[in-house]
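What follows is a set of notes on a single structure, which appears directly below.
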Amino acid sequence: MENLAILLLVIFLVAMPMAYCVKEGAEEVDEWFDKLPYAKQKVTKLHFFFHDRFAGKHNITAVRVAHGPDTDKSPTSFGLVFIMDDPLTERMNPTSKELGRAQGLYAFSGRDELSLLMSFNLVFTTGEFNGSTLTVLGRNPAVLHREMPIVGGSGVFRMARGVASAKLRSFNMTTVSMGEVDQAFIQSIEHRANLDTIEIEGIPLIDLSLSHTTDINLLVSEIGNACKNWGFFQVINHGVPLELLEKIKVAAKAFFDQPVEEKRKVKRDEMNAMGYHESEHTKNVRDWKEVFDFLINDPSFLPASPETDDDEIRTLTNQWPETPPQFRLNGYFEDHTTMMRLNHYPPCPCPELALGVGRHKDAGALTIVAQDDVGGLQVRRKSDEVWVPVKPTPNALVINVGDTIQVWSNEAYESVEHRVVVNSERERFSIPVFFFPSHYVMVKPLEELVNEGNPPKYKPYNFGKFFVARNRSDYKKLEVQNIQISDFKII
C-alpha cells in the first residue's frame, strides 16, 4: 500500500480591509490601524489543494497525539486527536508548486456522527501572500463537500473573515477523509481489538529438535495436547533454513514497496485466485492488508463453482511480477501441493477501528506461519474466549489446526478463531503456508476415529466446492454469512 493520503480542493472566499500591509513590525501594525477607518472591504478568492498524509513510511504530515478512554469502543472515533502540518499545492499533483502549509489540529468530536473539529492556520510561504496566515476554526463533517469558517488572519489577511469550501478530490484505497478509516474496514464494536498491552500466558512453544527429547512419543504427545487445548502452537528448531525465510521476506518487501499500479499488473480475480490482492474481506469486513498468493504446485485445479451439479474444473496458475526478479519463489520448493501467501499490513491511522484480518478459522488442514518481530496475531483461547497475543519468538514458526483436521479428527482437535491486529507505527509482514487437500477429496471424519460411542459429527463435503465458496467472500461483501463447516454438522 502507498502512504495513506487525502487530497482536498479548497476554495477560500476571504473579505478583509484594504489597509494593505504585509510587514509585521510594531510600527507597521500601528500604521495599518491608522489606515483602517478609511479602508474599504476587499474580497479575495483563493484556490489550492490540501494534502493530508497520516500513515505510511515516508513524508507523514499528520500524527495521532491523543485519544479518549473509550475511543476504541466508539463507532465515530470520538476523542481521537491529530496534529497536522500539511502541504498546500498549486495543482492536484502533490509535487506541484507548494504555496504554504496547513498547521494545526483536528479532533473527532462527534459521538453519534463522524465529524471533526478543525483548528488550523494556513501559513503562506511564497508569492504575494508570503508570511501571511489565515485561521480556520469550525466543524468538518465527513461528507464530500464541507464548509468551515475563516475567523481571522495575519499580515495581508489581518481581520479577515470568510468561508473555506472544501471538496474531496482524491483518496487512496483505504481512506475517505482526514484521519478517517473507510467504513468498509471498520469492525463492529464487539469485534474491535483492545490495544492495551496485557501480560498473559501465550500459546505453547515446542522444541522439535531431537536433543530436546529422545522419546518421539513425548514429542507427539506434546503436539497433540497443544492441538487439543489450543489449536495453535509455535515450534523452534524446525529445520527450515533461516536463510531461506530471510530471502522470501526480502523479496516480499521489495514487491510490496512498489507503486500500487505496478502490483496490480498481477492482480488476482475470481477466475484465477493467484496473484496480488488489496481488498480481501473476512466476515464481510475489509482487511487492513495486501497479499500475494501463489501455488507451490503450479498449475493446480479447483471446481469452477461451488454448485454441486457443476462438474467444470478450473485451472489455477501463478502470476509473477516482472520485479523484483527474485520474487519467483517456485525454485525454493519441490514436490509440495499447497498454497503460500505473502501478507503486508501497513500502519493504520486508526488501529482501534480496523483489523489486519478479522476473526476467522482456516479452511484447510494445517497452516504454518513465519512472522516478523512486530506482532499482531491473536488467538481466541478456548477455555475463556480471551484474545491471546502470539508473541513473536525469534526463528519460530506458528502452526495452527484448520477446519479440515477438525472434521477429520471428529473434533478431537479444534480449529480456533484467530485475527491480526494492526498498529499506527510499524508495517508487519508474515508468510503463511496453507496445506489443502486435493479438490476432489470428500472431507469427513476418519473411519478409525468413529464408533458407536463416538459417531461422526459431520456429513461429508467436497473440499474443492467448499474452498471455492469460501473464496468468493474474499472479493466482496456477501449478503449472507459465508459457508462454514458448521453447515455440515450433524445435529
Region 377-397-region 70-89 distance, computed between alpha-carbon centres (Å)
30
Put a dot 7 Å past each Cα toward the Cβ at LEU218 and GLN183; how far apart are the dots in nm?
5.9
Length added when fully stretched, GLU90-LEU137, from 0.36 nm per residue minus Cα-Cα
14.7 nm
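For a Förster distance of 35 Å, can you work out the FRET efficiency between the beta-carbons of GLU447 and GLU190, rounded to the nearest 0.05?
Details: r = 40 Å, r/R0 = 1.15.
For R0 = 35 Å, the calculated efficiency reads 0.30.
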Between SER119 and GLU385, the two model label points (7 Å from Cα along the beta-carbon direction) sit apart by a distance in nm of 4.2
Grab the Cα-Cα distance for ARG111 and THR44, subtract it from 0.36 nm times how many residues apart they are, and report the gain in nm with one decimal.
20.5 nm
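Once the piece of chain linking ILE236 and GLU312 is laid out straight, how much longer is it, given 0.36 nm per residue of separation minus the C-alpha distance between them? Could you put the intermediate results ahead of the total?
Working: separation 76, 0.36 × 76 = 27.36 nm, distance 4.26 nm.
Contour length minus Cα-Cα distance gives 23.1 nm.
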State, to one decimal in nm, how far the label point of LYS267 lies from the label point of ILE491, with both points 7 Å from Cα in the Cβ direction.
4.3
Region 216-233 scanned against label point 7 Å out from ASN395 along Cα→C-beta; backbone N under 12 Å for none
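Coordinate-derived values only; no laboratory data. Everything numeric here is computed off the predicted structure, so don't read it as measured data. Note that we place each Cβ from the backbone using ideal geometry, even for glycine, and neighbour counts take in every protein chain shown.
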